[in-house]
Structures are given as structure tokens and as C-alpha cells.
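Following: one structure in C-alpha cells, then a few remarks.
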Amino acid sequence: MNETFDTIVVGLGAMGSAAAYHLTKRGQNVLGIDMFRPGHDQGSSHGYHRMIRKSSFQVDGYVPLAERAFALWHELEEESGQTLLHITGEVWLLYENGKTGNRAGVERSIARGFRVVLSEQDLAGRFPGCRLHEGMIALYEAGAGYL
Ligand SMILES: Cc1cc2nc3c(=O)[nH]c(=O)nc-3n(C[C@H](O)[C@H](O)[C@H](O)COP(=O)(O)OP(=O)(O)OC[C@H]3O[C@@H](n4cnc5c(N)ncnc54)[C@H](O)[C@@H]3O)c2cc1C
């Protein structure tokens, strides 16, 4: 190979292909390498859909990244002329005190306006297939969906 590249991305799943795409858009000469042909089904990114949300139970640093991801998916929809992001809302049924940190995470995501608590009645009305067991709560994130 005589050609040189500004960046070589090894692994072209969601992360690598996004990195390669955006570096190329910024004018870099990028080489992407994968052990399988594009469109393969051997990585974590592969499959028909993935869920997307802005809230996180884990770390606050996730939120700005998720917001940026929503913006970039919208940009990609415009560029490709395809609908990729479907906002459906997401319901979480969880044991409030089931896992360490759940309660704090729940409170944080409610306080930040990502999620609301659904009463048992609301849940049954809006999501008839869902039932709460003893000690569970239902959280709803209106802005979540799938790709
Ligand atoms: C079953 C499942 C469900 C999930 N659901 C969700 C969801 O709903 N929402 C969500 O946000 N996330 C979800 N995730 C997580 C998300 O899919 C992953 O975090 C994301 O796809 C990781 O992307 P990646 O590019 O890092 O890795 P991958 O998509 O795995 O890409 C890695 C790429 O590197 C290539 N590669 C590996 N080794 C080599 C090598 N030695 N040389 C060359 N190429 C190599 C592989 O072929 C592959 O193409 C889910 C994951 C799984 C497995």
C-alpha cells in the first residue's frame, strides 16, 4: 500500500463507522478496516433495531452524548432521506430497591425531567400488557424510541 491516511479506523460497527464517517466529513482521508464485509451480523451493532434514550441510570456524562446522538441521527435522516429514528416513548418497570443505586438513579432522571412515574392505573390504561409486581414502579420516558 502506497497510500497514506490521516486516520485508520479498525472495526466498523456503530462506533467505528460513525468515527470514520465524521472524520471523512471533516476532510480527513480515512481508511476503515473490518474483519468482515460491510453489512455482516457479527458485531454488537448488528440487528434490526436498537433502543435510544436520553436518560441514564449510570453516569451523568452519558446525557450530553445521547443528546448529540439524537442530533446526529436526525442529520443522517436528512442526508439519507430515510426515517431512522422512531420516537415511541419507553416504559421501564423496575424494582425500586432492587439494585444498588436504582433509587438514586430514578430520582435523578425524574428530577432532570427525563422520566415520569406512571401510576398503576396509568400504566394499565396506556400499556395494557404491563403489570406491576409488589415493590415495582413504572417510569416513562416520552422522548425515547428506537432506531
Ligand atoms: C443484543 C444486544 C442488544 C443491544 N441493545 C442496545 C440498545 O437497544 N440500545 C443501545 O444503545 N445499545 C444496545 N446495545 C449495545 C450497542 O449495540 C453496542 O454498544 C454498540 O453496537 C457497540 O458498537 P461498536 O462499534 O463498539 O462494536 P461492534 O458493533 O461490535 O463493532 C465492532 C466491529 O469491529 C470488528 N472487529 C472486531 N475485531 C476485529 C479485528 N480484530 N479486526 C478487524 N475488525 C474487527 C467487528 O467485525 C465489528 O464490525 C446492545 C448490544 C447487544 C449485543
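The values are calculated or read from the model by the stated rules, or taken from the named source; none is laboratory data. Just so we're clear, the structure is a prediction, and the values are computed from it rather than from any experiment. Methodologically, a virtual Cβ is constructed for each residue, glycine included, from the backbone with ideal geometry; neighbour enumeration extends over all protein chains shown. Please note that ligands, DNA and RNA were not included when accessible areas were found on the heavy atoms of the full protein model with its side chains. Shrake-Rupley method; radii C 1.70, N 1.55, O 1.52, S 1.80 Å.
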Check: For the chain, what number results from the quotient of the Cα radius of gyration and 2.2 N^0.38 Å?
Finding: 1.33
Notebook entry, point to check: For the chain, what is the accessible area per residue in Å² when the probe is 1.4 Å?
Noted result: 69 Å²
Note to self: Helix 14-25 against the longest principal axis of the chain: what's the angle in degrees, Cα atoms only, rounded to the nearest 10?
What the structure shows: 50 degrees
Note to self: For residue 118, what residues show an amide H to amide H distance below 5 Å, using hydrogens built from the backbone and excluding near sequence neighbours?
What the structure shows: 138, 139, 140
Next item on the list: Please report the relative contact order for the chain, taking Cα pairs under 8 Å with a sequence separation of at least 6, and give it as a percent rounded to a whole number.
Entry: 25 percent
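To check you understand DSSP bridge types, tell me what percent of the beta bridges within the chain (both residues inside) are antiparallel, rounded to 5.
Numbers: 13 of 17 bridges.
Restricted to the chain, the bridges split so that about 75 percent are antiparallel.
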Check: Taking the Cα atoms only, what angle lies between the long axis of helix 62-80 and the longest principal axis of the chain, rounded to 10 degrees?
Finding: 60 degrees
Item checked: Among 115-125, 64-74, the order from most to least packed when residues are scored by Cβ within 10 Å on average -> 115-125, 64-74
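Can you give me the % of accessible surface on segment 28-147 that is carbon or sulfur? Probe 1.4 Å, all protein chains present, nothing else counted.
Solvent-exposed carbon and sulfur of segment 28-147 make up 54 percent of the total.
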Notebook entry, point to check: If the viscosity is 1.002 mPa s and the temperature 20 °C, what Stokes-Einstein diffusion coefficient in µm²/s follows for segment 1-46 when Rh is the Kirkwood radius over Cα pairs?
Noted result: 193 µm²/s
Note to self: Please list 3J(HN,Hα) in residue order for segment 31-42, calculated via the Karplus relation 6.51 cos²θ - 1.76 cosθ + 1.60 where θ = phi - 60°; whole Hz, with x for glycine and proline.
What the structure shows: 10, x, 10, 9, 6, 10, 5, x, x, 6, 10, 9
Margin query: Using only the alpha-carbon atoms, how far is helix 102-111 inclined from the longest principal axis of the chain? Give it as 0 to 90 degrees, nearest 10.
Written below: 80 degrees
